[in-house]
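Working notes for the structure below.
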Amino acid sequence: MPKKEVLRQCVACRESKNKNELLRICRTTEGDVCVDLTGRMNGRGVYLCKDESCVELAFKRKALDKSLKIHISDVRVDELKSEILEVINN
Ligand SMILES: [Zn+2]
């Protein structure tokens, strides 16, 4: 049986893509957000294209706050954004 493709939707551009092409952002049990590099972290997660424009768009629209149902502070937004960009650009 062929392996089924797992499609997930990017919170910014709303395009459905293969999980491997997306980055998972996860809400931790402590109420923080982090970049889920393994894709296996527990907790609510959202997906983002590995694309700088999608990252910018997601933060501009506060898409992560809305989808993860938490408030991300301005300081944390800056940190998280640079974390994500670092992963994407590596
Ligand atoms: Zn996208």
**OP:** Mind jotting down the distance between the C-alpha centroids of segment 6-27 and segment 52-70, whole Å?
**Re:** 12
Subject >> Excluding exposed DSSP-loop trypsin sites (Lys or Arg not before Pro) (at most 10 other C-beta within 10 Å), longest clean stretch of the chain >> reply: 41-68
Original post:
Considering only protein heavy atoms, what per residue accessible area in square angstrom results for the chain with a 1.4 angstrom probe?
Top reply: 67
Original post:
Taking Cα pairs under 8 Å and at least six residues apart, what relative contact order does the chain come out at, in percent?
Top reply: 26
Original post:
Dipole of the chain, Cα-centred, from +1 at each Lys and Arg C-beta and -1 at each Asp and Glu C-beta, to the nearest 20 debye?
Top reply: 600
Original post:
Per 10 Å bin from zero, what fraction in whole % of the C-alpha pairs of segment 7-89 is there, up to the bin with the longest pair?
Top reply: 19, 60, 20, 0
**OP:** Please count, across segment 7-89, the pairs of lysine residues with Cα atoms under 18 Å apart that sit 8 or more places apart or on different chains.
**Re:** 10
Subject >> Convex hull volume of segment 1-43 per residue (C-alpha atoms, cubic angstrom) >> reply: 85
Subject >> Zone residues, segment 69-90, relative to residue 52, backbone N less than 14 Å from point 7 Å out along Cα-to-Cβ >> reply: 82-90
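The values are calculated or read from the model by the stated rules, or taken from the named source; none is laboratory data. Here the structure is a predicted model, which is why all the values come from computation and not from measurement. Note: ideal-geometry Cβ built from the backbone for every residue, glycine included; neighbour counts use all protein chains shown. Protein only, heavy atoms only, side chains kept; ligands, DNA and RNA dropped before computing areas. Shrake-Rupley method; radii C 1.70, N 1.55, O 1.52, S 1.80 Å.
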